[in-house]
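Enquirer: My questions all concern the structure below.
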Amino acid sequence: MTVIVRFAPSPTGFLHIGGARTALFNWLYARHTGGQFRLRIEDTDRARSTREAVEAIVNGLNWLGLDWDGDIVHQSDWQERHAEAARQMLANGNAYYAYETTAELEAMREKAKAEKRTLRYDGVWRDRDPRDAPPDGKPVIRLKAPRDGTTTIRDHVQGEVAVANEQLDDLIILRADGTPTYNLSVVVDDHDMGITHVIRGDDHFTNAFRQTRIYRALGWEVPDFAHVPLIHGQDGAKLSKRHGALGVEAYRDMGYLPEAMRNYLLRLGWSHGDDEIISTEQAIRWFDLDGLGKSPARFDFVKLANIDGHYIRETPDARLVESILPRLAMNADDPLTARLAAAMPDIKSRAKTLIELADLARFYVAKRPVPLAVNLDRNALDLLTGVAVPLGTAPDWNDHALETLVRHYAESKNQKLGAVAQPLRIALTGSANSPPLFAVMRVLGREESLGRIDDALHPKGV
Ligand code: GLU
């Protein structure tokens with residue numbers, strides 16, 4: 001059997017982090033099994049669905065590198081087919097027209113309330129003679145599902161769960177205006193697309209029972225289910241914006257790499273021993289539905305940043321340079337990109353996001369005079385003036401030669417290396433913290449380094 005799975009978002013907002021994880025699990029399962037990963041946009045709620053949201057979902061999946069097979073299915077294109085399935089159930093006696101009025105439904109609700117039980121449609125029209133139908137009544141179509149026995153779901157995460165059929169009511173499958181309801185559309189589309197495994201958030205768990213009854217009424221095979229527990233915040237509460245319930249593009253803008261995001265999302269709800277760093281290739285090799293966790297995962301920005309730091313260290317320098325160019329307002333043909341490339345080995349290990357990486361890289365490409373965040377006192381300026389002289393005639397400009405030169409100069413003045421190195425660092429980088437000084441000097445080159453030292457010694461306009 002070829003596995004066919006799908007990601008079926010409703011386009012009512014951005015691709016949020018929970019949706020991205022659902023998409024990832026489906027994608028991994030398809031790639032692991034050599035099956036297909038389909039994308040279905042559930043846009044039947046016309047009022048709430050927007051084109052922008054579809055774009056955000058597509059862009060989010062593209063950024064995450066989750067490619068789907070075949071064309072995108074738009075649920076709204078298939079409404080007539082869904083209605084036909086409802087009529088098929090009518091024809092085989094598994095559905096019926098129901099003519100209840102709003103007032104009758106209201107009375108049912110009141111009665112349930114008075115008897116302190118949850119509202120269930122009482123099935124008035126279930127066995128009523130269709131000839132009783134009011135002449136101008138506009139009926140809905142309801143599912144005529146068994147009343148006794150149980151409906152059982154075999155779920156890869158939740159296990160086997162049974163619900164007594166008397167707890168489930170005859171849900172509406174086709175509205176009075178002829179439009180299909182949500183659960184009917186999902187079942188028909190999943191069937192028509194040949195979906196073998198439904199992997200989704202456990203907020204749809206109760207729908208799985210309703211949908212199973214529709215499958216049975218249509219005589220169709222029920223797919224396997226895997227309902228994944230939702231993501232919670234670090235404090236265990238429902239995920240809110242503050243906790244990280246943001247669109248995928250917000251993570252891109254915060255400077256996370258897509259491969260780090262994939263690794264982190266995978267670990268949010270799926271495990272492989274104690275492994276934290278799992279490459280996409282390993283994930284494809286290992287992913288299965290049995291590794292899905294039963295309890296809600298907690299979103300943790302610190303973990304995400306650590307994982308991102310790992311992937312930044314692993315990423316080729318050239319790609320990192322390219323990724324930070326927009327943040328430095330630079331073009332790829334700017335000659336200063338060579339300086340960024342030379343600096344990359346010294347800064348990539350210090351950054352947890354691309355934003356941090358761009359911040360670390362900024363001083364290398366800053367225009368002179370580089371603003372100094374720290375003041376140089378008289379003593380520091382004297383030492384800087386002094387060391388500038390041998391630097392000006394240094395025969396070699398590499399880490400080792402520069403260190404030897406500065407060390408000799410410090411010794412000749414009876415100073416520790418740091419007393420000379422620190423003013424140099426401030427003059428060259430603008431800050432008291434930087435990657436190793438002599439590497440910085442090498443990357444900046446002789447002319448730029450001497451120029452920055454000169455700027456620090458002779459500030460203009462002060
Ligand atoms: N459209 C639903 C949602 O966005 C998902 C339905 C499903 O996966 O069955 O929550």
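Enquirer: So for the pair MET254, VAL124, with labels modelled 7 Å out along Cα→Cβ, what separation do we get in nm?
Expert: Result: 5.2 nm between the two label points.
Enquirer: Expressed in nm to one decimal, what extension gain is obtained for the pair GLN88 and ALA432 from 0.36 nm per residue of sequence separation less their Cα-Cα distance?
Expert: Full extension of this stretch gives 116.3 nm more.
Enquirer: Still on this model: How do 69-76, 393-400, 55-62 rank on mean C-beta neighbours within 10 Å, highest first? If you can, show how the numbers build up before the last one.
Expert: Working: 69-76: 14.9, 393-400: 12.0, 55-62: 18.5.
Top of the packing list down: 55-62, 69-76, 393-400.
Enquirer: Normalised by the residues of the stretch 233-324, what does the relative contact order come to in percent, with Cα pairs under 8 Å and at least six apart?
Expert: Relative contact order for the stretch 233-324 comes out at 38 percent.
Enquirer: Can I ask one more? Between LYS460 and ASP317, what FRET efficiency follows from the Cβ-Cβ distance if R0 is 25 Å, with the result rounded to 0.05?
Expert: The formula returns an efficiency of 0.10 here.
Enquirer: Kirkwood Rh, the stretch 370-417, all Cα pairs: how many Å?
Expert: Values: mean 1/r = 0.0852 Å⁻¹.
Across the stretch 370-417, the inverse of the average 1/r is 11.7 Å.
Enquirer: Continuing with the same structure: From zero outward in steps of 5 Å, how is the percent of C-alpha pairs of the stretch 1-147 spread across the bins?
Expert: 2, 8, 13, 13, 12, 11, 12, 12, 9, 6, 2, 0
Enquirer: Set the Förster radius R0 to 60 Å, insert the Cβ-Cβ distance between ASP224 and ASP136 as r into 1/(1 + (r/R0)^6), and round the FRET efficiency to 0.05.
Expert: On the way: r = 45 Å, r/R0 = 0.75.
Plugging the Cβ-Cβ distance into 1/(1 + (r/R0)^6) gives 0.85.
Enquirer: Additional query: Distance from the Cα centre of the stretch 130-193 to that of the stretch 56-93, in angstrom?
Expert: First find each Cα centre; the distance between them is then 18 Å.
Enquirer: Given 20 °C and 1.002 mPa s, compute D for the stretch 332-462 with the Stokes-Einstein relation, Rh being the Kirkwood radius over Cα pairs; round to the nearest whole µm²/s.
Expert: The diffusion coefficient I find is 142 µm²/s.
Enquirer: Express the relative contact order of the chain as a whole percentage, based on alpha carbon pairs under 8 Å and six or more residues apart in sequence. Don't skip to the end; give the middle numbers.
Expert: Working: 696 pairs, mean separation 58.5, N = 462.
The value is 13 percent.
Enquirer: With just the Cα atoms defining each centre, how far is the stretch 390-462 from the stretch 222-272? Give it in Å.
Expert: Centre-to-centre (Cα) distance: 46 Å.
Enquirer: Only helical DSSP H runs with n ≥ 4 go in: add -39500 (n - 2.57) per run for the chain, normalise by residue count and round the 222 nm mean residue ellipticity to 500 deg cm²/dmol.
Expert: Here the helix-only value at 222 nm equals -14500 deg cm²/dmol.
Enquirer: Which one of ASN26, TRP286, LEU417 is farthest out on the positive end of the charge dipole of the chain, using unit charges on Cβ (Lys, Arg +1; Asp, Glu -1) and the Cα centre as origin?
Expert: Of the candidates, LEU417 comes out farthest on the positive side.
Enquirer: How big is the chain by the Kirkwood estimate over distinct Cα pairs, in Å? Don't jump to the answer; show the numbers that get you there.
Expert: Values: mean 1/r = 0.0372 Å⁻¹.
The answer is 26.9 Å.
Enquirer: Still on this model: Would you tally the net charge around THR393, using a Cβ to Cβ cut-off of less than 15 Å, leaving THR393 out, and scoring K and R as +1, D and E as -1? Write out the running numbers ahead of the final one.
Expert: Working: positive: ARG446; negative: ASP396, GLU447, ASP454.
That sum, taken over residues with Cβ under 15 Å, equals -2.
Enquirer: A further question follows. What does the extension gain come out to for ILE277 and ASN306, with contour length at 0.36 nm per residue minus their alpha carbon separation?
Expert: So the chain would gain 9.4 nm between ILE277 and ASN306.
Enquirer: So, one more: What is the spread of the Cα atoms of the stretch 118-166 along each of their three principal axes, largest first, in whole Å?
Expert: 49, 19, 19
Enquirer: Next up: What percentage of all Cα-Cα pairs in the stretch 159-206 are separated by more than 12 Å?
Expert: Tail of the P(r) past 12 Å holds 75 percent of the pairs.
Enquirer: Bin all alpha-carbon pair distances of the stretch 34-107 at 5 Å intervals from 0 and give each bin's fraction as a whole percent.
Expert: In whole percents, the pair-distance histogram is 3, 12, 14, 15, 14, 15, 10, 8, 6, 4, 1.
Enquirer: Now for a different question. So if we plug the beta-carbon distance of LEU381 and THR404 into 1/(1 + (r/R0)^6) with R0 = 25 Å, what FRET efficiency do we get, rounded to 0.05?
Expert: So the FRET efficiency works out to roughly 0.60.
Enquirer: Further, regarding this structure: Considering all projection directions equally, how large on average is the shadow of the alpha-carbon convex hull of the stretch 277-390, in square nanometres? Each step should come with its number before you reach the end.
Expert: Details: hull surface 46.5 nm².
Projected over every direction and averaged, the Cα hull of the stretch 277-390 covers 11.6 nm².
Enquirer: Take the cross-link list LYS116/LYS241; LYS238/LYS294; LYS238/LYS352 and give me the ones stretching past 28 Å between alpha-carbons.
Expert: Over 28 Å Cα-Cα: LYS116/LYS241.
Enquirer: P(r) of the stretch 133-261 in 5 Å steps, Cα pairs, percent per bin?
Expert: Histogramming the stretch 133-261 at 5 Å steps yields 2, 9, 15, 16, 15, 12, 11, 9, 6, 3, 1, 0, 0 percent.
A short reminder: the numbers here are calculations on the coordinates, not readings from a lab. Note that the structure is a prediction, hence the values are computed from the model and not measured. Every residue, glycine as well, gets a Cβ built from its backbone with ideal geometry; the counts of neighbours run over all protein chains shown.
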